[in-house]
Amino acid sequence: MENCRAAYRLLNRSSRNLLDRRTNSKFFNSVRSSNSGVTYNFTQTSELFKDDVPYHKEIVSTRICSRGYDNGILASLPRNQGNGFRIHFRNLASTASTPARNHSFCMINSDDISYFKKILGEKGVVQEEEKLDDANTDWMRKYKGSSKLMLQPKSTQEVSQILEYCNSRCLAVVPQGGNTGLVGGSVPVFDEVIINVSSMNNILSFDKVSGILVCEAGCILENLISFLDNEGFIMPLDLGAKGSCQIGGNVSTNAGGLRLIRYGSLHGSVLGLEAVLANGTVLDMLGTLRKDNTGYDLKHLFIGSEGSLGVVTKVSILTPPKLSSVNLAFLACEDYNGCQKLLLEAKRKLGEILSAFEFLDISAMDLVLKHLDGLRDPLPSSKHNFYILIETTGSTESHDKEKLEAFLLQSIESGLLTDGVLAQDINQASAFWRIREGVPEALMKAGAVYKYDLSLPPEKMYDLVLEMRGRLGSVANVVAYGHLGDGNLHLNISTPQ
Ligand SMILES: Cc1cc2nc3c(=O)[nH]c(=O)nc-3n(C[C@H](O)[C@H](O)[C@H](O)COP(=O)(O)OP(=O)(O)OC[C@H]3O[C@@H](n4cnc5c(N)ncnc54)[C@H](O)[C@@H]3O)c2cc1C
């Protein structure tokens, strides 16, 4: 009976054109946390040691630090790279430990400041405490550096001059985009010079026939989305941090997001890059050809390299045309097995129009409803173990709607779905997306959180969540959500303190 009621509700609520459902940006600008306190958890530093690189002396003074996931051991693993470099990894399991600063790197002095002011002007050299405090602190307010200097270049040439100088002076640097990364890679570990490319935010060209956009690395993702919207195109990636994150940061983290299931990863859609190496050399890989079989495709090394190979300054990216019919369903499933079967069925039955398949579990849903203002449970009649968002994007509204409704009806009749609702308009669709995209913000408001971003075969994905719940018991709230269609789980261990 409940199944029939849900089916009736789904079919009775007409889905309208939701094309612009998330351009209502007031919900989606990323918000900085007001939590305070600094912890150094799961720290990994990668350092290039000058002593180890006799043949490559000229490019080693820029140290790129990145924090990543801990592998649970306290270890120091020198790894010879076979080219004169030795990369030193330290994995620290203790929450209290921090790596020691490498004193072969210099501290900035007044001559350095004068030089940077000469090439960037006063505005490009940031020393104000308040601005530095923001730049030194990550989005989660979990990692904090102590940089005394942030540089804001306006061109590739300026980035090159900065890096060449830092290299010659043995000053460590850290590239920074929108500072929305969740693993602390965008903030200094110590007093590295922050190179923030937010002033490099020009769109350089857009070819309407091929859909190829060329822009500077500091363009904010949401601005690119708006620009393309006016041109009748969309970005091939979309994520909750779009109001702040930059395309250079997206490329450097190989960001996935909500559209990966449809448009694939950035390794597919990024056609070219320009990047500046640590010694100031500009690498021009800014191709705009969809098929380019000439030579090595070095840009792939930079996609996902977290700034460890250089600073990305320009990006060329293939953008898909905006399609006129978008539908969004908010659905309930009682077990994880059912979610997987639903995914398989969605791929089979919705085929080319499936554009997102996202999930959150009951803990994530509870957290969002508790901590984010103005959100309502779209399925208030009862609680469910899993919630799924399915989005379709196509070109023929009647065809797409018919396909989606038939799929949902069948899924309800077969018992895969226990409840569901189709968004009736843009506002409702925005509210549904707000639930899914608001989980990181709700987690921050709930207290301290350990975040894990895991790619796993979908059939094994939720075992990990159950295992963690079993191990932690009532000590912490284990919250899971993510991109089920991509096998990407966001596992979060949340505690009030
Ligand atoms: C609410 C929220 C939702 C999110 N959702 C997703 C999601 O769905 N999928 C996903 O993959 N991530 C997600 N993220 C994580 C984050 O937003 C992405 O990783 C984003 O791509 C980071 O971009 P950024 O400009 O903020 O980079 P930053 O955080 O500034 O930097 C990230 C890393 O890239 C390096 N970097 C930045 N710019 C450059 C550059 N120009 N050249 C070289 N290196 C550079 C930095 O050194 C650092 O290592 C989310 C984050 C938040 C807060």
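The values are calculated or read from the model by the stated rules, or taken from the named source; none is laboratory data. Predicted model only: the values in this text are computed from it and were never measured. Reconstructed Cβ throughout: ideal geometry from the backbone, glycine too, with neighbour counts over all protein chains shown. Side chains are part of the model used for accessible areas, which takes the heavy atoms of the whole protein and leaves out ligands, DNA and RNA. Shrake-Rupley method; radii C 1.70, N 1.55, O 1.52, S 1.80 Å.
Glu158 meets the stated requirement of being in a helix (DSSP H, G or I), crowded, with 19+ Cβ neighbours inside 10 Å and acidic (Asp, Glu). Does Ser324 meet the test of being at negative phi, modelled with pLDDT of 95 or more and among the hydroxyl-bearing types (Ser, Thr, Tyr)? Answer is no for this residue. Every condition in (1) hydroxyl-bearing (Ser, Thr, Tyr); (2) within 15 Å of the ligand (Cβ to nearest atom); (3) within 15 Å of Pro320 (Cα to Cα); (4) touching a residue at least 40 places away in the same chain (Cβ under 8 Å) holds for Ser226 except the one numbered (2). Among the residues of the stretch 311-364, the ones that are under 30 Å from Leu204 (Cβ atoms) and among the small types (Gly, Ala, Ser) come to 4 in all.
Rundown of residues vs (1) of a type in the set (S, T, N, Q); (2) farther than 29 Å from Glu441 by Cβ; (3) open to solvent by less than 20 Å² (accessible area, probe 1.4 Å), yes/no style:
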site: Leu369; (1), (2), (3): no, no, no
site: Glu391; (1), (2), (3): no, no, yes
site: Ser395; (1), (2), (3): yes, yes, no
site: Ala406; (1), (2), (3): no, yes, no
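Across the stretch 352-370, what is the total count of residues that are within 19 Å of Arg434 (Cβ to Cβ) and in a strand (DSSP E or B)? The qualifying residues number 7. For the stretch 455-497, give me each residue that is crowded, with 16+ Cβ neighbours inside 10 Å and either farther than 14 Å from Phe359 by Cα or among the polar types (S, T, N, Q) (or both). Hits for the stretch 455-497 are Leu464, Met468, Arg469, Ala476, Asn477, Val478, Asn488, Asn492, Ile493, Ser494.
On inspection, Val209 passes the criterion of being among the β-branched types (Val, Ile, Thr), assigned to a loop (DSSP other than H, G, I, E, B) and away from the ligand (no atom under 12 Å from the Cβ). Looking across the stretch 127-151, just one residue is surrounded by fewer than 21 Cβ atoms within 10 Å (Cβ to Cβ), within 13 Å of the ligand (Cβ to nearest atom) and assigned to a loop (DSSP other than H, G, I, E, B), and that is Arg141. Among residues of the stretch 186-195 being open to solvent by less than 10 Å² (accessible area, probe 1.4 Å) and either of a type outside the set (A, V, I, L, M) or closer than 20 Å to Ser155 by Cα (or both), the one that is farthest from the ligand (Cβ to nearest atom) is Val193. Here is the figure for the stretch 207-230: residues that are surrounded by 17 or more Cβ atoms within 10 Å (Cβ to Cβ) and either assigned by TED's automatic domain parsing to the domain that holds Ala135 or more than 29 Å from Gly482 (Cβ to Cβ) (or both) total 3. The criterion of being touching an Asp or Glu at 6+ places or on another chain (Cβ under 7 Å), surrounded by fewer than 21 Cβ atoms within 10 Å (Cβ to Cβ), over 20 Å from Ala241 (Cβ atoms) and modelled with pLDDT of 95 or more holds for Leu120. When Ser198, Ser265, Ser205, Ser269 are screened for being out of contact with any Lys or Arg (no Cβ under 9 Å at 6 or more places or on another chain), closer than 22 Å to Leu149 by Cα and of a type in the set (S, T, N, Q), only Ser198 passes. Under the condition of being in contact with a Leu (Cβ under 7 Å, 6 or more places away or on another chain) and on the phi > 0 side of the Ramachandran plot, the residues counted in the stretch 185-242 number 1.
Please find, within the stretch 200-220, the residue that is modelled with the lowest pLDDT out of those that are touching a helix residue (DSSP H, G or I) at 6+ places or on another chain (Cβ under 7 Å) and not hydrophobic (A, V, I, L, M, F, W, C). Filtering first and then ranking leaves Lys208. Close contacts from the stretch 425-450, counting a first residue that is in a strand (DSSP E or B) and a second that is not aliphatic (A, V, I, L, M), with Cβ to Cβ under 6 Å and a gap of 6+ residues or different chains, come to Ala448/Thr495; Ala448/Gln497; Val449/Asn492; Val449/Ser494.
Selection of the stretch 171-185 for residues being open to solvent by less than 20 Å² (accessible area, probe 1.4 Å), within 11 Å of the ligand (Cβ to nearest atom) and more than 15 Å from Gly248 (Cα to Cα) yields Val173, Gly184.
Which residue, of Asp373, Asp377, is touching a residue at least 12 places away in the same chain (Cβ under 8 Å), part of a loop (DSSP other than H, G, I, E, B) and open to solvent by 10 Å² or more (accessible area, probe 1.4 Å)? Of the residues listed, the single one that is touching a residue at least 12 places away in the same chain (Cβ under 8 Å), part of a loop (DSSP other than H, G, I, E, B) and open to solvent by 10 Å² or more (accessible area, probe 1.4 Å) is Asp377. Using the structure shown, decide if Lys349 is open to solvent by 60 Å² or more (accessible area, probe 1.4 Å) and touching a helix residue (DSSP H, G or I) at 6+ places or on another chain (Cβ under 8 Å). When the stated conditions are applied, Lys349 passes them. In the stretch 435-454, the residue that is farthest from Gly374 (Cα to Cα) out of those that are more than 9 Å from the ligand (Cβ to nearest atom) and open to solvent by 30 Å² or more (accessible area, probe 1.4 Å) is Leu454.
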